[in-house]
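Written below as structure tokens is the structure these notes are about.
The values are calculated or read from the model by the stated rules, or taken from the named source; none is laboratory data. This is a predicted model, so every value here is computed, not measured. Here the Cβ positions follow ideal geometry from the backbone for every residue, glycine too, while neighbour counts run over all protein chains shown.
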Number of protein chains: 2
Amino acid sequence: MIMKESDFLTWIYSQNGFDPEKVPVGPGDDMGIVNLDADTPLLVGVDQVLDGVHFNLALHGAEAAGRKAMARNLSDVAAMAALPVGAVASVALPKGFSQNDAQQIYAGLRKLGDEFACPLVGGDVSTWAGPLGISVTIFAKPAGATGGIKPVLRSGARSGNAILVTGQLGGSWYGKHHLEFVPRVREAILLGLKYRLRAMIDISDGLTKDLGRICKASNVGAEIWEDAIPIRPGAGKDRDPKASPLDAALNDGEDYELLFTVPKGQVEKIMQDVADGKIPVAISHIGTITKQQTLTLVSPDGSQCPLTDGGWDHET
Amino acid sequence: MIMKESDFLTWIYSQNGFDPEKVPVGPGDDMGIVNLDADTPLLVGVDQVLDGVHFNLALHGAEAAGRKAMARNLSDVAAMAALPVGAVASVALPKGFSQNDAQQIYAGLRKLGDEFACPLVGGDVSTWAGPLGISVTIFAKPAGATGGIKPVLRSGARSGNAILVTGQLGGSWYGKHHLEFVPRVREAILLGLKYRLRAMIDISDGLTKDLGRICKASNVGAEIWEDAIPIRPGAGKDRDPKASPLDAALNDGEDYELLFTVPKGQVEKIMQDVADGKIPVAISHIGTITKQQTLTLVSPDGSQCPLTDGGWDHET
């Protein structure tokens, strides 16, 4: 049987056997959590970027590839509302790679890491016959003055919660957003300090798919409102003039925006804070968590249709 | 200029700018160390295994590849005399890989991790047009009842120290040692509990090269005694009947044995403890750290020759 990534991940998550005292959160959230000792949770995430999948070396260059590797990992830290502590990288370099290009990868990793006080404390480099692959592992700790912000998991959404999302969605790969986005680390910590975040994820595989992950982890469903979804101008159109911007916003992925839920009563304050400039990012209230475990898209005319999982899965 | 791994790493190590309060050990040792808070050092290491470089998928199979990825990382933990806490893995899978083979990689990673109480707390899987690559990042903390064993760096060797090595050297790739070795995590902690380890490294690139790394980090040199080097039976011979077993022991690499230095006065006790079965591994006393910053091989007849750096470097 040919492997499908999503099936493989589902299988991995089923391989339990963790001591919950030592590993409170195993694979399956944005980051795992392992307890170094009773008082010291360590958050750990790993994400790779591969030539031809997550970037195109010939088109985007080595520095952009390095930057994206670090950015995806910082985005995972943001999804937990945690504070980055450090990172390590392994790089598989194609034979004949130039020293200058190798240094560009490092520069891309390092510059963005430095911007988030996230030092690159180790690495591994090997040359091989394959294409360029960069894997970054990032580690983080609970944010807040005394680590008081509990890491926000995917599993905390409750029926009646409001669903919110930062920024704009769609068209990321076709524009350059997927290479240039600034991970929402600071925004996430600010949200964690000010509001009761119930569940959070960063949108890497598309709103539909990643909202589905929150719902699955939380044993809930969701309805989202078509006219509330913040669509990036031009989303979809840049690859096909007939493409649906809504479809791009729902399914393109690589947005790296924060998708989160809060108790319904907090929405008004959040929206007021955004309007008052206290939260320096656009936030849209796009739907409601439901008890019924389905995903539904509600049109402006009130008609409903089931949201199918159109997010991409790199299968063969 | 075509990139040479060793040049690239030297360049990376020169890119400083770490806050020593936050990152007491940056890239360039077996693991980096980052302080989570004032009392909590975290050791982090990363090592990848690539098809065609570190294993041969067609020949060795997927489980052996996964096992080796975990084993190399555990060996880095051993080189610091530290205690593994957890690991994450990223896997770049060739298109068309079977679900079963993917599960075998995971099994290889997980089985060895479990044996060392090192849970796999996260992962990333992507399918691409390239060959199989597996990157593991491992986390560790100081070993000992209350974390009392300080991580052993490469930089602690002092003139007059005795040089010792566990096990046997050479012929690892040509035999199956590089796939089947058991990382010396337990032995390293035992050594750290009982003796004053000054410097330590695991031999991945050959005795000459890795001893050179200790000497360079410590600003010292070394002389080693030809007839004291523990050569694996058949080393070198299995690939070429005319090969020199000594050359294989010095330069083959992939031994994953512990190479360490102690104050000269401790050697007698160590050898007695090994003879008494208190240390469950063979240990050879192979030389002396010198003030003069050269590597010298001393023949049984007393003649000396400079040790050239014959360890392999995956350059193009």
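For the reader, a short list of remarks on this structure follows.
- Counted residues, the stretch B:93-109 - those being within 23 Å of the chain's Cα centre (by Cα) and more than 7 Å from every other protein chain (Cβ to nearest Cβ): 4
- Applying the criterion of being more than 9 Å from every other protein chain (Cβ to nearest Cβ), assigned to a helix (DSSP H, G or I) and free of Cβ contacts under 8 Å to residues at least 12 places away in the same chain to the residues of the stretch A:1-59, the residue that is nearest to A:Lys216 (Cα to Cα) is A:Thr10.
- Count of the stretch B:243-302 residues which are acidic (Asp, Glu) and closer than 19 Å to B:Glu226 by Cα: 5
- Within the stretch B:44-67, tally of residues that are surrounded by 23 or more Cβ atoms within 10 Å (Cβ to Cβ) and in contact with an Asp or Glu (Cβ under 9 Å, 6 or more places away or on another chain): 8
- Look at (1) closer than 25 Å to B:Asp19 by Cβ; (2) surrounded by fewer than 24 Cβ atoms within 10 Å (Cβ to Cβ) and you find that A:Met70 fails only one, number (2).
- Within the span defined as the stretch A:61-78, every residue fails to be touching a residue at least 24 places away in the same chain (Cβ under 8 Å), out of contact with any Phe, Trp or Tyr (no Cβ under 6 Å at 6 or more places or on another chain) and facing chain B (nearest Cβ under 7 Å).
- Close pairs (7 angstrom Cβ cut-off, 6 or more residues apart or separate chains): in the same structural domain as A:Leu211 (by TED's automatic domain parsing) in the stretch A:294-313, at pLDDT 95 or above and among the acidic types (Asp, Glu) anywhere: A:Thr296/A:Glu223; A:Leu297/A:Glu226; A:Val298/A:Glu223; A:Val298/A:Glu226; A:Ser299/A:Glu226; A:Pro300/A:Glu226; A:Pro300/A:Asp227
- Selected residue [of a type in the set (Ser, Thr, Tyr), closer than 24 Å to B:Leu43 by Cβ, touching a His at 6+ places or on another chain (Cβ under 9 Å) and at the interface with chain B (Cβ under 7 Å from one of its Cβ atoms)] from A:Ser126, A:Ser90: A:Ser126
- One residue from A:Ile231, A:Ile214 being more than 24 Å from A:Leu153 (Cβ to Cβ), surrounded by 17 or more Cβ atoms within 10 Å (Cβ to Cβ) and among the β-branched types (Val, Ile, Thr): A:Ile231
- Put simply, of A:Leu179, A:Leu132 the only residue that is within 11 Å of chain B (Cβ to nearest Cβ), surrounded by fewer than 24 Cβ atoms within 10 Å (Cβ to Cβ) and closer than 18 Å to A:Glu63 by Cα is A:Leu132.
- Any hit, the stretch A:79-95, residues being over 20 Å from A:Gly122 (Cα atoms) and either of a type outside the set (A, V, I, L, M, F, W, C) or out of contact with any strand residue (DSSP E or B) (no Cβ under 9 Å at 6 or more places or on another chain) (or both): yes
- When residues in the stretch A:181-229 are screened for being of a type in the set (Gly, Ala, Ser) and over 18 Å from A:Asp29 (Cα atoms), 2 of them pass.
- Only one of A:Val165, A:Val185, A:Val125 that is without any contact (Cβ under 8 Å) to a residue 60 or more places away in the chain and either assigned by TED's automatic domain parsing to the domain that holds A:Leu258 or within 28 Å of A:Gly66 (Cβ to Cβ) (or both): A:Val125
- Qualifying position, being crowded, with 20+ Cβ neighbours inside 10 Å and within 19 Å of B:Gly45 (Cα to Cα), among A:Pro151, A:Pro119, A:Pro142: A:Pro119
- Hits in the stretch B:275-294 (condition: at pLDDT below 95 and surrounded by 15 or more Cβ atoms within 10 Å (Cβ to Cβ)): B:Ile279
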